[in-house]
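The values are calculated or read from the model by the stated rules, or taken from the named source; none is laboratory data. In this text, all values refer to a predicted model and were calculated from it rather than measured experimentally. All Cβ positions, glycine included, derive from the backbone under ideal geometry; neighbour counts span all protein chains shown. Only protein heavy atoms, including side chains, enter the accessible area calculation; ligands, DNA and RNA are left aside. Shrake-Rupley method; radii C 1.70, N 1.55, O 1.52, S 1.80 Å.
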Amino acid sequence: MDPTAAQPSFRQQPNMRLRNSAGDGSDGMFEDTSGAGLGPQSGYRNQHAGPQAEGFPGQSLLSDPMSNLAMAYGSSLASQGREMVDKNLDRFIPISKLKYYFAVDTVYVGKKLGLLVFPYMHENWEVSYQQDTPVAPRFDVNAPDLYIPAMGFITYVLVAGLALGTQNKFSPELLGVQASSAFVWLVMEVLAVLLSLYLVTVNTDLTTIDLLAFSGYKYVGMIVGVVAGLLFGKPAYYLSLLWCCAAIFVFMIRTLRLKLLSEAAAEGRLVRGARNQLRMYLTMSIAAAQPIFMYWLTYHLVR
């Protein structure tokens, strides 16, 4: 047997194996494994990209550090502006002090209304103090408040609208004129009293809010007079208004004399001196102005 003839057949077997192995390698080498190799990573990315894709369009803008810095700067400017407005507003309208004038309860309102309608039996008119600070109105019936004047003004406007309706004269414009005129007269009254106190040079602890409260108590008598006139006619209006005018006059005299007159006059002793007489005249003038306003603002509502 020729050894050279068997040699090629002996060498072909490794070549066939190499082809088979190369064929297997080519199948694995050229197979598209991008989907399998990147499958977990793409799923991970899709999970994280999903909420951003579903979010609102400006989310990428809000995630910008410059946008966050601008928002923080804008909020700081807004807070500074709010503090500035509150400070300037408190200079003209002491909101912190207004809480004192609305610190009332049902018992106080009932007693105060009774005192405004019938002040003749009340003896102690001094405001109670606690550590040089007046107590809240709900603890002292003599303390001024703004709840009754505010509610009285609103109720007066509503009753005036009802009275105008009974006369077939109701209209929103006329009701607005009624409310604005009552408010203007109230402001003018307070300003006149402040000017008088300045001219007389009275050293008193009365504030503008106190004067506003005392001037607003007359709305209670005005409401009583108008309601009595609507229910029982014009004679009932005059009688009830006359009673309420006398009551508010006594109330104002006994309340303001402790604020405007000297300590000697407050204790009931004889008032002497030109300055004390001016204070007495001023007190009586303020008290006498209340019935005039009460009649002026209600006489046309009852026919």
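The number of residues in region 127-160 being among the β-branched types (Val, Ile, Thr) and open to solvent by less than 50 Å² (accessible area, probe 1.4 Å) comes to 6.
Selection over region 286-303 of residues that are open to solvent by 70 Å² or more (accessible area, probe 1.4 Å) and part of a helix (DSSP H, G or I) gives a count of 4. Give me the residue from region 93-116 that is open to solvent by less than 80 Å² (accessible area, probe 1.4 Å) and not in a helix (DSSP H, G or I) and, out of that set, modelled with the lowest pLDDT. Applying the filter and picking the extreme gives Pro94. For Tyr238, state whether it is over 28 Å from Val104 (Cβ atoms), open to solvent by 20 Å² or more (accessible area, probe 1.4 Å) and either in a loop (DSSP other than H, G, I, E, B) or at pLDDT 95 or above (or both). When the stated conditions are applied, Tyr238 passes them.
Just one of (1) out of contact with any helix residue (DSSP H, G or I) (no Cβ under 8 Å at 6 or more places or on another chain); (2) more than 25 Å from Leu261 (Cβ to Cβ) fails for Val104. It is (1).
Okay, residues lined up against (1) aliphatic (A, V, I, L, M); (2) open to solvent by less than 30 Å² (accessible area, probe 1.4 Å); (3) farther than 19 Å from Ala143 by Cα:
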position: Ile209; (1), (2), (3): yes, yes, no
position: Leu212; (1), (2), (3): yes, no, no
position: Val220; (1), (2), (3): yes, yes, no
position: Val224; (1), (2), (3): yes, no, yes
position: Ile248; (1), (2), (3): yes, yes, no
position: Thr255; (1), (2), (3): no, yes, no
position: Lys259; (1), (2), (3): no, no, no
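Could we say that Ser63 is at pLDDT below 70, surrounded by fewer than 13 Cβ atoms within 10 Å (Cβ to Cβ) and farther than 29 Å from Gln290 by Cα here? Against the criterion (at pLDDT below 70, surrounded by fewer than 13 Cβ atoms within 10 Å (Cβ to Cβ) and farther than 29 Å from Gln290 by Cα), Ser63 qualifies. Within region 249-272, restricting attention to residues that are assigned to a helix (DSSP H, G or I) and not aliphatic (A, V, I, L, M), the residue that is modelled with the lowest pLDDT is Glu263. Answer yes or no as to whether Ala179 is without any contact (Cβ under 8 Å) to a residue 12 or more places away in the chain, open to solvent by less than 30 Å² (accessible area, probe 1.4 Å), aliphatic (A, V, I, L, M) and over 17 Å from Gln290 (Cα atoms). So Ala179 does not fit the description; no. Out of region 171-210, which residues are at pLDDT below 90 and in a loop (DSSP other than H, G, I, E, B)? Hits for region 171-210 are Thr201, Val202, Asn203, Thr204, Asp205, Leu206, Thr207.
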